[in-house]
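Following: one structure in structure tokens, then a few remarks.
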Amino acid sequence: MIYEETYHYLLRKVSSTEFDTCLYSLLHIDWEGVVQRSLHQMAQGIGTTKKFLYQTLKKLSNKQHKVFIPVESNGEKKYIFKLA
């Protein structure tokens, strides 16, 4: 179930690619909120390039949005999805 704040955020404050990124992440997170897909897998699933996905994640990681928080896991950069 998508929480009300997630629903309102997605409908009012993001572009279509950002919306797709958030929904894809919501489907692929573990219990701690860490997205369990690589940037390449995410880009393929969303239908965009890795470069544009990285820019989108960077934008959604800034102090204004704080939707994604970058973390290092086993030498790989992953993201915690904070809206879920």
query = What are the residues in segment 67-81 that are more than 15 Å from H28 (Cβ to Cβ) and touching a Gly at 6+ places or on another chain (Cβ under 9 Å), if any?
reply = I69
key: Within segment 43-65, considering residues that are out of contact with any Asp or Glu (no Cβ under 9 Å at 6 or more places or on another chain) and among the basic types (K, R), the one farthest from L27 (Cα to Cα)   = K63
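Read-outs throughout are calculated quantities, based only on the coordinates presented, and are distinct from any laboratory measurement. Source: prediction; values computed, not measured. With ideal geometry, Cβ positions are generated from the backbone for all residues, glycine too; neighbour counts draw on all protein chains shown.
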